[in-house]
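Contents: one structure, followed by commentary.
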Amino acid sequence: MRAVIVVAALALAACGGAPPPDRVVSRYFETLGRDPLRAGSLVSGELQAAHGLRHVGSTRPVDGRGRADSELVWLATQAKPVFAERAAMLSVSTSSVQEEGDVAEISVRVASPGAPPFVQRFFLSRDGTGRWRIDRIEQEGVTEANLADAFVAAPTEVLRQRLAAALGVSAG
Amino acid sequence: MSAPVAVDVNRGRASRRWLAASLAVAAAGLATRIHDIYAFAPLHDFDGPGHGVNVLALERGELPDPQGWGGFHPPLYYAIGAAVWRILPERVPVHVGLRAISVVAGVVLAIVLWRALRRFVADADAAVTAALVFCSPVFTIASSMLGNEMLGASFVTIALMRLTAIPPQGPLAGHAAATGVWLALGLWTKSSALAAVAAAALGYALAGRGRRSQAFAAAALVVVLPLAAASAHYVRLMRASGGSLLSVVSGAAMAPQVQEEMRAQPPGERHVGDYVRLPLSAFLAPHFSAPGLARSVPGLLHASAWADGHGEFLPADVPGVLSAASVLSCLGIVPALVALFGLVRLLRRPERYRAATAPLVFGALLVAALVRYTWVLPFYSAVKASYLLPAALPAALLLAVGIGGLSPGRRDALRGFCLVLALLASGVLWQGWWE
């Protein structure tokens with residue numbers, strides 16, 4: 001029965017063509033906060049292992065924790081009401097698309113009303129089923145003025161603590 | 001037309017009116033759910049992110065990590081969720097699709113309830129009871145949220161219904177095998193089905209009087225088939241946890257995040273008095289943060305059955321919402337007392353409800369398991385009425401038997417009260433009415 005479930009899931013996962021990497025990046029922004037599970041399916045275990053997000057007040061070390069734990073906190077972060085509100089305000093335009101074999105790099109410009117724009121670079125790779133997933137995100141031009149946007153666009157513990165400090169609240 | 005026929009015709013008309021009214025109320029409950037699965041904030045469901053992680057794993061073609069928050073849960077709900085995801089249009093968020101599974105499971109459960117109750121009580125009482133259970137806060141909330149509770153409860157209820165209809169003559173093996181399949185599906189969805197396996201064995205053993213070898217074979221089949229079919233999951237859990245039995249029913253056995261979060265919850269330790277204390281706050285302010293409620297097991301069970309005792313669905317900090325929930329909790333005292341009356345009636349005439357023995361035993365086992373669970377995990381989040389959803393059939397039976405025990409005038413008044421309460425609950429649980 002267990003094998004049936006996994007095979008069925010894989011078979012269904014293979015149904016339909018895989019969207020190209022720039023479409024994956026577009027969907028990432030479309031789904032942030034609004035459709036967290038779809039957003040979660042676009043990022044790889046490598047990104048989940050790197051964000052370092054922790055539950056507020058948690059004292060457990062994040063190094064070496066399993067993918068499930070990392071995904072849990074990532075999803076819980078997106079579930080915050082203010083996250084979805086902020087994500088809806090982001091406006092994204094693609095600057096460059098580079099695709100070579102099974103790796104791709106997409107650069108976008110992220111802006112929101114009243115905040116300076118910043119650049120966000122996505123590094124993607126194709127997984128075993130042929131689907132593109134986001135492995136790594138880098139940002140340039142992040143300042144205090146657009147810190148909230150940067151956090152929503154790529155939630156990490158480093159940005160969360162910077163944001164908490166900027167807002168004058170406990171980083172937990 | 002002679003008088004007895006006229007009475008029968010009038011009773012038939014009255015019964016059809018109650019059925020129509022119950023259907024209308026249930027339709028309102030369904031409308032609330034369809035609205036709420038869209039309107040309720042993403043992943044604010046009980047353990048929403050934890051269930052979401054499991055669906056993500058199945059979507060990738062992997063089994064959930066048993067060390068993860070909800071990884072101890074059997075994978076069937078999540079596999080169905082991953083399958084639904086594949087056919088979901090992009091404009092429909094995945095969490096809405098997952099919640100829709102719970103809606104469908106809830107509708108199926110309510111229909112099964114109604115059909116099962118009709119074997120024991122008047123059609124009108126069966127319809128009204130099923131509508132009230134369907135629209136009750138605990139049922140509405142669980143069947144509007146993503147998660148495995150409602151699907152697991154529906155599989156168990158189907159199996160329990162079959163136990164009330166074991167053929168009085170002839171071979172039992174086929175019937176037991178089919179029941180075993182439903183129990184296997186239940187075990188692949190939620191571990192609370194384990195108690196239903198025990199009750200099913202009892203059911204076939206009792207029904208086989210006069211055909212002992214068949215009864216024994218049927219009882220063995222209804223145990224072996226589901227346990228064998230679901231053993232892969234539970235053996236995997238036991239291996240991952242180093243043999244902990246708690247791992248079968250709670251993430252607290254293995255998931256460090258669960259342990260950390262639970263340790264921070266009140267009350268933190270249990271006393272026998274927690275199982276008898278019933279503070280007024282259960283009715284007047286049915287939220288776990290109210291004085292004494294986090295500690296009171298019966299209080300929090302009532303508050304989570306007839307309101308939103310854990311504050312997972314309604315914004316308790318919004319003026320008016322807690323008051324509305326309090327009205328439901330206060331009115332919920334009536335069906336609770338009627339169910340107690342039904343229990344007394346049932347105990348006084350057990351032969352009339354013999355066919356319901358197995359479901360009733362299951363209900364008692366589940367309650368005993370919950371008492372044990374809340375003692376071992378002395379935290380308010382372990383006291384949830386939704387853990388008793390698989391016992392919807394025996395609970396509904398007690399309520400329906402209680403309604404049927406009243407004089408005709410009082411019975412009609414109580415039926416009307418139940419439908420009004422059901423309608424009120426559907427209104428209070430409509431997401432966003434407070435805005």
- Message: Regarding region A:73-85, can at least one residue be identified that is touching a His at 6+ places or on another chain (Cβ under 9 Å), under 21 Å from A:Pro36 (Cβ atoms) and among the acidic types (Asp, Glu)?
- Response: no
- Query: For B:Pro359, which of the numbered conditions (1) at pLDDT below 95; (2) out of contact with any Asp or Glu (no Cβ under 6 Å at 6 or more places or on another chain) fails to hold?
  - Reply: (1)
- Item | Number of positions in region B:77-111 that are open to solvent by 20 Å² or more (accessible area, probe 1.4 Å) and touching a residue at least 60 places away in the same chain (Cβ under 8 Å) | 3
- Task: Scan region A:75-91 and report the pairs whose first residue is outside any helix (DSSP H, G or I) and whose second residue is of a type in the set (Ser, Thr, Tyr) and surrounded by 14 or more Cβ atoms within 10 Å (Cβ to Cβ), with Cβ atoms within less than 9 Å and a gap of 6+ or a chain change.
- Result: A:Leu90/A:Ser112; A:Ser91/A:Ser112
- Task: Check whether at least one residue in region A:77-91 is hydrophobic (A, V, I, L, M, F, W, C), open to solvent by less than 60 Å² (accessible area, probe 1.4 Å) and away from chain B (no Cβ under 14 Å), and report yes or no.
- Result: yes
- Message: I'd like to know if region B:21-39 contains one or more residues that are more than 9 Å from chain A (Cβ to nearest Cβ), assigned to a helix (DSSP H, G or I) and touching an Asp or Glu at 6+ places or on another chain (Cβ under 8 Å).
- Response: no
- Message: Being over 22 Å from B:Ala82 (Cα atoms), in contact (Cβ under 8 Å) with a residue 12 or more places away in the chain and either at the interface with chain B (Cβ under 10 Å from one of its Cβ atoms) or among the aromatic types (Phe, Trp, Tyr) (or both) narrows it down to one residue among A:Phe29, A:Phe123; which is it?
- Response: A:Phe123
- Query: Which of (1) over 20 Å from A:Gly40 (Cβ atoms); (2) within 14 Å of chain B (Cβ to nearest Cβ) is the odd one out, the single condition A:Gly114 does not satisfy?
  - Reply: (2)
- Item | Which numbered condition B:Phe46 misses (of (1) aromatic (Phe, Trp, Tyr); (2) buried (at least 19 other Cβ atoms within 10 Å of the Cβ); (3) farther than 19 Å from B:Leu187 by Cα; (4) at pLDDT below 95) | (2)
- Message: Which condition from (1) touching a Phe, Trp or Tyr at 6+ places or on another chain (Cβ under 6 Å); (2) more than 14 Å from chain A (Cβ to nearest Cβ); (3) open to solvent by less than 30 Å² (accessible area, probe 1.4 Å) is the one that B:Ala230 breaks?
- Response: (2)
- Item | Matching residues in region B:177-201 - criterion: being open to solvent by 60 Å² or more (accessible area, probe 1.4 Å) and more than 14 Å from every other protein chain (Cβ to nearest Cβ) | B:Trp182, B:Leu194
- Item | Complete set of residues in region B:320-335 that are within 13 Å of B:Phe283 (Cα to Cα) and buried (at least 16 other Cβ atoms within 10 Å of the Cβ) | B:Leu322, B:Ala324, B:Ala325, B:Ser326, B:Val327, B:Leu328, B:Ser329, B:Leu331, B:Gly332
- Message: Among the residues in region B:59-67, are any buried (at least 18 other Cβ atoms within 10 Å of the Cβ), within 10 Å of another protein chain (Cβ to nearest Cβ) and either assigned to a helix (DSSP H, G or I) or basic (Lys, Arg) (or both)?
- Response: yes
- Is there a residue in region B:123-144 that is surrounded by fewer than 21 Cβ atoms within 10 Å (Cβ to Cβ) and over 23 Å from B:Ala195 (Cα atoms)? yes
- Which condition does B:Leu340 not pass, out of (1) under 24 Å from B:Leu30 (Cα atoms); (2) open to solvent by 20 Å² or more (accessible area, probe 1.4 Å); (3) among the aliphatic types (A, V, I, L, M), if it passes all the others? (1)
- Message: Can you tell me which condition B:Leu56 does not meet? The list is (1) under 26 Å from the mean Cα position of the chain (by Cα); (2) facing chain A (nearest Cβ under 9 Å); (3) in contact (Cβ under 8 Å) with a residue 12 or more places away in the chain, and all the others hold.
- Response: (3)
- Note on the structure: Of B:Arg372, B:Arg411, the only residue that is in contact with an Asp or Glu (Cβ under 8 Å, 6 or more places away or on another chain) and basic (Lys, Arg) is B:Arg411
- Item | First in region B:251-279 and within 17 Å of B:Leu300 (Cβ to Cβ) and modelled with pLDDT of 85 or more, second anywhere and of a type in the set (Asp, Glu) and open to solvent by less than 60 Å² (accessible area, probe 1.4 Å), Cβ under 8 Å, 6 or more apart | B:Pro267/B:Asp274
- Query: Would you call B:Tyr373 under 22 Å from B:Asp308 (Cβ atoms) and of a type outside the set (A, V, I, L, M, F, W, C)?
  - Reply: yes
- Query: Any chance region A:4-13 includes a residue that's modelled with pLDDT of 95 or more and either within 13 Å of chain B (Cβ to nearest Cβ) or in contact with a Leu (Cβ under 8 Å, 6 or more places away or on another chain) (or both)?
  - Reply: no
- Query: Scanning for something β-branched (Val, Ile, Thr) and under 19 Å from B:Phe120 (Cβ atoms), does region B:396-412 turn up at least one residue?
  - Reply: yes
- Picked from region B:288-310 (must be part of a loop (DSSP other than H, G, I, E, B) and open to solvent by 30 Å² or more (accessible area, probe 1.4 Å)), the residue nearest to B:Ser381 (Cα to Cα) is B:Phe288
- Note on the structure: Restricting region A:111-157 to residues that are surrounded by 18 or more Cβ atoms within 10 Å (Cβ to Cβ) and of a type in the set (Val, Ile, Thr), the one farthest from A:Asp63 (Cα to Cα) turns out to be A:Val142
- Task: Considering only residues that are under 14 Å from the mean Cα position of the chain (by Cα) and free of Cβ contacts under 8 Å to residues at least 60 places away in the same chain, look in region A:133-150 and name the one that is nearest to A:Ala79 (Cα to Cα).
- Result: A:Ala150
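The values are calculated or read from the model by the stated rules, or taken from the named source; none is laboratory data. Remember, it's a predicted structure, so these values are computed and weren't measured experimentally. Please note: Cβ atoms are built from the backbone with ideal geometry, for glycine as well, and neighbour counts cover all protein chains shown. Quick note on the areas: whole protein, heavy atoms, side chains included, nothing else; ligands and nucleic acids left out. Shrake-Rupley method; radii C 1.70, N 1.55, O 1.52, S 1.80 Å.
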